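One structure below.
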Amino acid sequence: MEPLEDSRKHAGRPLGLPALKALSHPLRLQLLEMLSRYGAQTASGLAERLGESSGSTSYHLRQLAKHSLVRELPDRGNGRERWWERPPGPIALGPNVMESDAATLSAARIVARQFEQNRARALDDFLRFGDDTLGPEWMDGAVLNTSNLRLDQGQLAEISERVVSFLGEIVEEYRDAGGPDARPVQMHFNAFPLVDPEHPAATGTSQEKTP
């Protein structure tokens, strides 16, 4: 699954107020993040990963599904448990969200802050645990890049559009190209392998439970 994309500036499926309100619940954002990072999972698998009850994760997955933020995989599983995935494609908090009513703007801010907190947490996990969890090849392949410029509004918009367009082409080229040693990677741009300190062996795209 692709990394979560939430830029207010760039193309993607825009979220209206009902979807934003549904997504502003912290656990629902976590569920969407885990499906984005690790691919299709069951409610019980997500519950184990997040330290929640399967009843709670199942309920919140259904709420997300009402707004097409997640979807069920009816042909997968053993009949006792439902599998869920995040549909492909970016999520956009705009471009007109800043001009919306107060309720929509408040919900969008909650969602945007949580997105950023999830990103910061993923980077912190990589910096804290990457050396002990990953080999030197993975660490050498990662990059944390910061550039400082003085720009006007038009220049910033132009750079943002060009970078996102370029990264989008690369992402599409590599989307389904991973081999047997592939593991989840997130790009901001920073680009680094995701590290889950609670589940250090989680390198694949699904966590199927045995019957």
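The values are calculated or read from the model by the stated rules, or taken from the named source; none is laboratory data. Since the structure is predicted, the reported quantities are computational estimates derived from the model, not experimental observations. Here the Cβ is made from the backbone with ideal geometry for all residues, glycine too, and neighbour counts use every protein chain on show. To get the accessible areas, we keep the full protein, side chains included, count just its heavy atoms, and leave off ligands, DNA and RNA. Shrake-Rupley method; radii C 1.70, N 1.55, O 1.52, S 1.80 Å.
So the values come out like this:
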item: All positions within the stretch 19-41 that are within 14 Å of residue 71 (Cβ to Cβ), crowded, with 20+ Cβ neighbours inside 10 Å and in contact (Cβ under 8 Å) with a residue 60 or more places away in the chain; result: 40, 41
item: Filter result (loosely packed, with under 13 Cβ neighbours inside 10 Å, at pLDDT below 90 and touching a helix residue (DSSP H, G or I) at 6+ places or on another chain (Cβ under 9 Å)) within the stretch 46-102; result: 98, 99, 101
item: Top-ranked residue of the stretch 131-144 - restricted to ones that are touching a residue at least 12 places away in the same chain (Cβ under 8 Å) and outside any helix (DSSP H, G or I), ranked as most open to solvent (accessible area, probe 1.4 Å); result: 144
item: Options 128, 113, 162; residue that is assigned to a helix (DSSP H, G or I), within 18 Å of residue 21 (Cα to Cα) and either open to solvent by less than 50 Å² (accessible area, probe 1.4 Å) or among the charged types (D, E, K, R) (or both); result: 113
